[in-house]
Amino acid sequence: MRVVATGAAATLAGTAAVAVVAGPAAAADEPGAAFLAPYYSELDLTGDEQVTTDDLDVLTEALGTTTGSKGWDAVAVADTDGDGEITVTDLADLAQRMVYDDGPFDLVEASVVDMQAAMNAGVTTSVEITQAYLDRIEAYDRTLVDPAEDGRPLASIISTSDVALGVAAEADAERAASGMTSMLLGVPVAVKDNYNTVDMPTTAGCGCWDDNVTTDDATMVTGLRDAGAVLLAKASLDEFAYGFSSQFSSYQPAGETTYVASPYDTSRTAGGSSGGTGAAIAANLAGIGFGTDTGGSIRVPSSYNQLVGVRPTVGLASRDGIVPLALSQDTGGPMTRSVTDAAVAMDAVVGVDENDPVTARQDGLVPDSFTAYLDADALDGARIGYVPSMLGSNATTNRLWAEAVETFESLGAEVVEVAEPDAFATVLAEGSGSTPEFRHDLAEYVEAYLAPEVEARTLPEIIDSGRFVTSRQWTYERRAAVTEEEYEAWAGPEGSHTQVLAMGKELVTGMLDEAELDALVYPSGNPYRTQGRNLRLSPNTGMPAVTVPMGQAIPEDDTIDGAGVNLEFLGRDFDEGTLLGLTYAFEQATGARTSPALYGELDQ
């Protein structure tokens, strides 16, 4: 981001404007910022945990103050050059810490910081940004853009909000009255269409639920709204979040379905089940996205679409108001174009919720802000473990892994080969609860939230409606046949699945502790493919994972040229901050994400 020092700082420095590139966040041993990374908050002089023109005014008044002067303690933190005197150099340095940029604003690949800086400077507004994303959805999402013979439309968005522009106008008014009150203020967000939203239907990707307008938001959506975000759109998904192909039937005649396409190669799937979120965020159709993950549904589309994806600890973010697949492993999390955006998004959606009792586990374990961990030096001194059997044999993945090891070591990390415990394969082999749990968990959602206008309220009624992905009829019939006894034997307190998850958490935590590791890393997948059963490690332990772009395939690999591959970092329960710091450092060093060429700036 280009930050411009203007006004008093520029005048006193004797320049018209001082343009600088924002440096890395300072190291954060303990989180402290309310909603900004330390780089943007640590020199605050006015107590609002950010640097604004008010702070510049305070420091301007203090010019010439020295260590022996009255009032030195109040401004000493801003003596950035350490010479014992407040000078114009310190004033210019302070101006760099403002989230403010009065240069040109480009929507494509814009980060949350970019948006806030431009809105703070008056270069653009939330209304203008929201309208620009709506224009991109209209121009790109259902239009055939790819000239290739087998190209397809993205089909990443199921619905858009007709109140989004009004909400954006309210955000602009709040900024005018109170300044930037949140890093999400006025930022347009797309959520997977299994999150309840009062202003858009929640179809879960099924035509049988086209009329499901709930009277309550999902708890995570409430958090986003409270943070000032603009709920822009509902993203497509694999129907009821079941698989990785992102095939849905919403708003289509009975028997018809659509697949979500990857914006990098529209002949290929965007992955799933959060494929719509993945395609939309990669193609810059919204600022930030959210998906859900039971067995890989955030991390697969993040890898296919070169995004950062966070699968949080089960219990960090409430699942209340999200259409379930298997609550033993379900969790929601952000899918973004940068680690910073992911950290900002996480801040808005965590918290204890009595409607999801598992969230009580997080009490006292959540930082004030995950952005406090964003440190470009986070890998220096870190111990990064890997299990060789998780690397696979794909030429692209192996090349990128070797490059990642070089990056880790160049940044001061130690890469440690970890022996595979006897039970490790058992943990990876444990299946998803999508069949044994779905009927039971869906019934609870239907009772609590499903709109009364919706007639298909059970799995047999969904089948009878004909408004579903009909090629999966057997799958629905098998799920409908699961008895309560089978459910309890699987997911009950003493159920077989419950026991494997508990064993997996103990085993993998022990692997981290024994080797004194900060994270265990492995490829999230291969080019447009998964890698073994790697994606099962996080859900089969309940432990958090963050996936980040590692690079792309090249012709010499003889795989799928240009396809992205992500690297996944897994850590201890509720240690998302550490994972975000490590992935931020890796991201800053590699800059591996690319933007899909087919979906650039719109012609004006």
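The values are calculated or read from the model by the stated rules, or taken from the named source; none is laboratory data. As the structure is a prediction and not an experimental result, all values here were calculated from the model. Note that we place each Cβ from the backbone using ideal geometry, even for glycine, and neighbour counts take in every protein chain shown. For accessibility, only protein heavy atoms count, side chains too; no ligands or nucleic acids. Shrake-Rupley method; radii C 1.70, N 1.55, O 1.52, S 1.80 Å.
Output the relative contact order of the stretch 332-443, whole-number percent, from Cα pairs under 8 angstrom with separation of 6+ residues. Please list the in-between numbers first.
Details: 71 pairs, mean separation 23.0, N = 112.
The value is 21 percent.
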Subject >> Only Lys, Arg (+1) and Asp, Glu (-1) charged, at Cβ; the stretch 410-531 dipole about Cα centre in debye >> reply: 740
Subject >> the stretch 413-448 residues near the modelled GLU506 label - backbone nitrogen below 17 Å, point 7 Å along Cα→Cβ >> reply: 421-428
**OP:** With runs of 4+ DSSP H residues as the only contributors, calculate the mean residue ellipticity of the chain at 222 nm using -39,500 (n - 2.57) per run, divided by the residue total and rounded to the nearest 500.
**Re:** -9500 deg cm²/dmol
**OP:** With an 8 Å cut-off on Cα pairs and a minimum separation of 6 or more residues, tell me the relative contact order of the chain in percent.
**Re:** 14
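Just order 342-349, 150-157 by mean Cβ neighbour count inside 10 Å, highest at the front, would you?
Numbers: 342-349: 27.5, 150-157: 21.2.
Highest-to-lowest ranking by the protection proxy: 342-349, 150-157.
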**OP:** Using a 1.4 Å probe over the heavy atoms of the protein chains, calculate the carbon and sulfur portion of the accessible area of the chain as a whole percent.
**Re:** 49
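What is the Cα convex hull volume of the stretch 206-343 when expressed per residue in Å³?
Working: hull volume 14.9 nm³, N = 138.
Taking only Cα atoms, the stretch 206-343 has a hull volume of 108 Å³ per residue.
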Original post:
What does the charge add up to near GLU128, with Lys and Arg as +1, Asp and Glu as -1, over the other residues with Cβ less than 12 Å from its Cβ?
Top reply: -2
Subject >> Per residue accessible area of the chain, 1.4 Å probe, in Å² >> reply: 36
Original post:
What is the magnitude of the charge dipole of the chain about its Cα centre, with +1 placed on the Cβ of each Lys and Arg, -1 on the Cβ of each Asp and Glu, and no other charges, expressed in debye to the nearest 20?
Top reply: 1500
Original post:
If GLU486, GLU430 are ordered by their accessible area, calculated over protein heavy atoms with a 1.4 Å probe, which sequence runs from highest to lowest?
Top reply: GLU486, GLU430
Subject >> 0 to 90° range, to nearest 10: angle between helix 126-140 axis and the chain longest Cα axis >> reply: 40
Original post:
Mind checking the dipole of the stretch 122-172: about its Cα centre, +1 per Lys or Arg Cβ, -1 per Asp or Glu Cβ, Debye to the nearest 20?
Top reply: 60
Original post:
What does the highest-first list of 122-128, 294-300, 88-94 look like by mean Cβ count within 10 Å?
Top reply: 294-300, 88-94, 122-128
Subject >> Overall form of the stretch 434-563 per C-alpha gyration tensor (a/c, 1.5; a/b vs b/c) >> reply: oblate
Subject >> With 10 Å bins from 0: P(r) over the chain, alpha-carbon pairs, percent >> reply: 3, 17, 28, 26, 16, 6, 2, 0, 0
Subject >> In degrees, nearest ten, helix 339-349 long axis to first principal axis of the chain (Cα) >> reply: 70
Original post:
Of all DSSP beta bridges located in the chain, what percent are antiparallel, nearest 5?
Top reply: 75
**OP:** For the stretch 285-334 and the stretch 237-275, compute the distance between their C-alpha centroids and round to whole Å.
**Re:** 16
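Please give the net charge around PRO549, taking every other residue with its beta carbon less than 15 angstrom from that of PRO549, where Lys and Arg add +1 and Asp and Glu add -1.
Summing Lys/Arg as +1 and Asp/Glu as -1 gives -1.
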Subject >> Radius 13 Å from Cβ of LEU185, net charge of other residues (Lys, Arg +1; Asp, Glu -1) >> reply: -3
Original post:
Looking at ASN284, SER338, ASN355, which one has the Cα that reaches farthest to the positive end of the dipole of the stretch 266-384 (charges on Cβ: Lys, Arg +1; Asp, Glu -1)?
Top reply: ASN284
Original post:
Measuring from label point to label point, each 7 Å out along Cα→Cβ, what is the ALA419 to ALA597 span in nm?
Top reply: 4.9
Original post:
To the nearest 10 degrees, how steep is helix 164-178 against the longest Cα principal axis of the chain, on a 0 to 90 scale?
Top reply: 30
Subject >> Of GLY68, ALA173, ALA155, farthest towards positive along the dipole that unit charges on Lys, Arg, Asp, Glu beta carbons give the chain >> reply: ALA155
